[in-house]
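The values are calculated or read from the model by the stated rules, or taken from the named source; none is laboratory data. Just so it is clear, the model here is predicted, and its values are computed rather than measured. Cβ placement follows ideal geometry from the backbone for every residue including glycine, while neighbour counts extend to all protein chains displayed.
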Amino acid sequence: MRSITTIAAATFLCGMFTSYAVSQESFDATETQEIETIVRDYLIANPEVLVEAMNALQEKQDAEQKTAQADAIGKVREQLNSAPEGMVLGNPDGDVTVTEFFDYNCGYCRQALDDMTALLEEDGNVRFVLKEFPILGMGSLEAARVAMAFRDLAPEKYREFHETLLSKRSGADKASALDVAEGLGVDTAKIEEILAASTNMKALQDIQVLASDLRINGTPSYVIGEEVLQARVGLEGLKNAIASMRECGKVDCGAG
């Protein structure tokens with residue numbers, strides 16, 4: 001009779017590391033039960049093996065996603081870095097472009113606003129593109145549509161509008177966005193006309209498609225160089241990524 005320990009070890013290694021499934025028809029019922037018991041006992045005695053396997057799987061998936069995102073970025077570079085659906089802040093001729101996807105009802109985006117403000121104050125050679133990405137409900141969509149209409153009417157005041165609305169802790173929707181617009185002296189009747197014509201819905205749909213192509217599903221998300229940084233990375237994280245871009249053309253000069 002074959003060594004059950006040897007069979008179990010071979011089956012376990014094949015299953016864990018090569019995804020090769022040994023047919024149960026190769027063993028009788030007794031052998032199968034003994035193999036399952038040995039593997040179970042081994043995993044209970046050495047649970048770190050499962051952690052190592054999951055970590056390896058996560059690293060593999062992360063690497064695959066980064067590769068896919070880099071390929072996608074190369075295909076949509078012009079749309080990613082430009083208007084009409086984006087608003088450019090900072091230096092329009094900056095040597096590094098940071099593109100942020102945000103939602104006016106995103107708490108982390110509210111915190112990240114301070115990062116953007118400080119970055120643009122400290123670094124006069126950064127080009128910062130804002131992409132309206134309303135994913136947190138109808139209020140977010142309404143606020144984004146008002147924001148885009150406001151930008152069309154008063155682009156020179158857009159940054160102030162953006163910072164004011166995003167700073168509100170009461171939640172953003174059509175009413176709150178119109179209040180901000182009115183406070184900045186923009187005719188809300190003209191905004192209503194743009195909303196009624198639905199002229200900015202196509203631009204928002206284009207951003208949704210762009211985000212999908214880049215596998216972006218949360219806010220804030222940043223695109224710098226060939227990499228997508230999902231979630232708030234903080235001021236230092238942005239500064240480090242920009243410094244690396246200037247040094248080696250990548251977000252992380254130490255990456256392979």
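Among the candidates Val228, Val223, Val251, Val209, single out the residue that is touching a Gly at 6+ places or on another chain (Cβ under 6 Å) and modelled with pLDDT under 95. Don't jump to the end; show me each part of the working.
Details: Val228 fails: touching a Gly at 6+ places or on another chain (Cβ under 6 Å); Val223 fails: touching a Gly at 6+ places or on another chain (Cβ under 6 Å); Val209 fails: touching a Gly at 6+ places or on another chain (Cβ under 6 Å).
None of the others qualify; the one that does is Val251.
Restricting attention to region 165-204, the residues being of a type in the set (Gly, Ala, Ser) and either in contact with a Gly (Cβ under 8 Å, 6 or more places away or on another chain) or buried (at least 17 other Cβ atoms within 10 Å of the Cβ) (or both) number 6. Return a yes/no flag: does region 126-135 have any residue that is free of Cβ contacts under 8 Å to residues at least 40 places away in the same chain, in the same structural domain as Thr219 (by TED's automatic domain parsing) and more than 19 Å from Ile224 (Cα to Cα). Within region 126-135 (the criterion being free of Cβ contacts under 8 Å to residues at least 40 places away in the same chain, in the same structural domain as Thr219 (by TED's automatic domain parsing) and more than 19 Å from Ile224 (Cα to Cα)), the answer is no, since none of the residues qualifies.
Any residue that is part of a helix (DSSP H, G or I), in the same structural domain as Glu226 (by TED's automatic domain parsing), in contact (Cβ under 8 Å) with a residue 60 or more places away in the chain and out of contact with any Ser or Thr (no Cβ under 7 Å at 6 or more places or on another chain) - is there at least one of those in region 97-106?
no
Which one is surrounded by the fewest Cβ atoms within 10 Å (Cβ to Cβ) among residues in region 242-256 that are without any contact (Cβ under 8 Å) to a residue 60 or more places away in the chain and in a helix (DSSP H, G or I)?
Filtering region 242-256 for residues without any contact (Cβ under 8 Å) to a residue 60 or more places away in the chain gives 243-244, 247-256.
In the following step, the residues that additionally are in a helix (DSSP H, G or I) were identified as 243-244, 247-248.
Working: Ala243: 14, Ser244: 20, Glu247: 9, Cys248: 13.
Once the filter is applied, the top-ranked residue is Glu247.
Does Val146 count as buried (at least 16 other Cβ atoms within 10 Å of the Cβ) and touching a residue at least 60 places away in the same chain (Cβ under 8 Å)? For Val146, the condition - buried (at least 16 other Cβ atoms within 10 Å of the Cβ) and touching a residue at least 60 places away in the same chain (Cβ under 8 Å) - is not met.
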